[in-house]
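The values are calculated or read from the model by the stated rules, or taken from the named source; none is laboratory data. Quick caveat: nothing in here was measured; it's all calculated off a predicted structure. Here the Cβ is made from the backbone with ideal geometry for all residues, glycine too, and neighbour counts use every protein chain on show.
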Amino acid sequence: MYPQPYPYGASQNFGGQSAGMGRSSFKKMYKTCLKNRNQHVQLMLMDGATYTGFIEYVDQQNVYFAIPYVEESQENRNSEAQYDVRGYQIYRCMFPLQAVAGVNGAF
């Protein structure tokens, strides 16, 4: 399952003041996302979902995320020595910065 571009309603507040994420935590998450931009990271959301990919861009409200997906050819799936990649796709999605619970860059 791949994320859809911001499926939540705009009026919902994920991780805002009511969930204990104050202004300083919000700024800290923004700086963490900026620091890990263009690196392979695991993005954790407030609802418990995790995604592995790359942070492409961060603004004051959203995190723009890219998830690479490699397609292998069917006939060479069992051979370990050869890698026959048919192609790849990049799934791009956008998450609100308030919905981000953490960024793990240790891969």
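Observations on the structure shown:
- Qualifying residue in the stretch 8-21 (condition: part of a strand (DSSP E or B), modelled with pLDDT under 90, touching a strand residue (DSSP E or B) at 6+ places or on another chain (Cβ under 9 Å) and among the aromatic types (F, W, Y)): no
- Verdict on F26 being part of a loop (DSSP other than H, G, I, E, B), within 14 Å of A99 (Cβ to Cβ) and at pLDDT below 95: no
- For the stretch 35-53, the set of residues classified as exposed (fewer than 14 other Cβ atoms within 10 Å of the Cβ) and at negative phi consists of K35, Q39, H40, D47, A49, T50, T52, listed by residue number.
- Of V100, V63, all but one fail to be under 15 Å from M29 (Cα atoms), within 11 Å of the chain's Cα centre (by Cα) and modelled with pLDDT of 95 or more; the exception is V63.
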